[in-house]
Every structure is written in C-alpha cells, then in structure tokens.
Amino acid sequence: MSSNIKVKRICQHCKKQFTARTTVTKYCSDSCAKKAYKARKRKKVILEAGKEVNRLQEEEIKALANKDFLTISETCKLLSVSRWTIWRAIKTNRLNAAKFGRRTIIRRSDIESLFKTEDTPHSTEDVGKLVPERETEYYTISEAHEKFGISPTTLRNIIARKSIPKYKKGKKVFIPRKPIDDLFS
C-alpha cells in the first residue's frame, strides 16, 4: 500500500540510496529484490550442502573408529592430518606400519599409543616430557655453551645429531652433564 510519505533508505542489496514510499521497503527496485531473493536461496542451499558434507564426514569417522586396521588415507581422516605427517611418524618409528603388497596398514592400537605419555624421551623432539629430578646432574643450554665456549646454535645441532635428550622446566632447557662432558673432554 502506498502513501504520501517519502523515506530515504539504503537498498539492502546494492547499497544505493533511494526514496521509499512505504516504511517496509527494503530494496530500490524489483530487480534488486529478485537478486536478493536469489542470493538468500543460494546461501540456504550452500548451507544445507555443507551440513550434509559434515554429517557424511562424521559418519565416516565413526566407521573408521570401529576398524582395527587402517590404511594411510583412513588414518589421515581419523586424525585430521596430512599423508606426509603420517609418513614422517612411520619413518621416525613413532608409528608402526606393515606393508601388504602395495598397501600400508596401521594398527589402531598403535595410533592410540601415540597419545600415551612415555617414561623416557627418545629424541630431541620429546622436550618437556620429563623434568630432571636432580638439577645438579644437568646443564642448562646457556651453562653448557658458556662452559665449553661454543655458540648455542652449534650446541643445539650437536645435541640433535647425537640424540641427547633434553628436558624442559619452565623456561629452562636441561641436558644431561655426562654425554656433554664426554663429547667435549
């Protein structure tokens, strides 16, 4: 219903200013109203499609959760990581895998054991898993590089190369004295 009033509005679709004759007008023209309608419908369809994809992915993950043996791609989906991450874990022996012809199979229990805490760290990647009980048996990184006169970067490279375990307590990183003393004596 039209009236004699004239209200300045901004079109909700094209964002241009126009003069409306009613208080409920949202669009400057019939063309903008149709385009806005199509945009709303498109958005609704995309949202429903996204929900369907999420539902299917959840069903697939639930199905994978019940399997005892998984392929590389199934493991990737279950853990939400890339194939390269899984292959790196296999290469560094953090994850056990077996080859059957061209397929690589991973036991579900091995995947679950990745997330269990261990008693002793096995590599320099395990920084922070254990805190040293007696700090007198350990150097901090800064103490070691000052004592032996080498740069912190060189010390870290040596620690990584020799697979010397590191322990973190607060902001300090500790390394055992014995292997460092043996290296530099």
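The values are calculated or read from the model by the stated rules, or taken from the named source; none is laboratory data. Quick caveat, the model's predicted, so the values are computed rather than measured. All Cβ positions, glycine included, derive from the backbone under ideal geometry; neighbour counts span all protein chains shown. Note: areas computed on protein heavy atoms with side chains; ligands, DNA, RNA excluded. Shrake-Rupley method; radii C 1.70, N 1.55, O 1.52, S 1.80 Å.
Data table
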| read-out | value |
| --- | --- |
| Of the criteria (1) without any contact (Cβ under 8 Å) to a residue 12 or more places away in the chain; (2) outside the structural domain of I90 (by the TED database); (3) not small (G, A, S), which one C76 fails | (2) |
| Filtered residues of region 96-112 (kept if open to solvent by less than 50 Å² (accessible area, probe 1.4 Å) and either among the hydrophobic types (A, V, I, L, M, F, W, C) or modelled with pLDDT under 90 (or both)) | A97, A98, I105, I106, R108, D110, I111 |
| The one condition in (1) small (G, A, S); (2) open to solvent by 40 Å² or more (accessible area, probe 1.4 Å); (3) under 29 Å from N54 (Cβ atoms) that A89 fails to fulfil | (2) |
| The listed residue being part of a strand (DSSP E or B) and among the aliphatic types (A, V, I, L, M), out of L70, L78, L56 | L70 |
| Qualifying positions in region 83-94 - part of a loop (DSSP other than H, G, I, E, B) and touching a Lys or Arg at 6+ places or on another chain (Cβ under 9 Å) | R94 |
| Hits in region 57-88 (condition: at pLDDT below 90 and aliphatic (A, V, I, L, M)) | I61, A63, L64, A65, L78, L79 |
| Odd one out for T120 among (1) of a type in the set (V, I, T); (2) in contact with a helix residue (DSSP H, G or I) (Cβ under 7 Å, 6 or more places away or on another chain); (3) at pLDDT below 50 | (2) |
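Okay, residues lined up against (1) without any contact (Cβ under 8 Å) to a residue 60 or more places away in the chain; (2) in the same structural domain as L78 (by the TED database); (3) closer than 29 Å to K77 by Cβ; (4) surrounded by fewer than 11 Cβ atoms within 10 Å (Cβ to Cβ):
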site: C14; (1), (2), (3), (4): yes, no, no, no
site: Q17; (1), (2), (3), (4): yes, no, no, yes
site: R21; (1), (2), (3), (4): yes, no, no, no
site: V24; (1), (2), (3), (4): yes, no, no, yes
site: D30; (1), (2), (3), (4): yes, no, no, yes
site: I46; (1), (2), (3), (4): yes, no, yes, yes
site: G50; (1), (2), (3), (4): yes, no, yes, yes
site: N54; (1), (2), (3), (4): yes, no, yes, yes
site: Q57; (1), (2), (3), (4): yes, no, yes, no
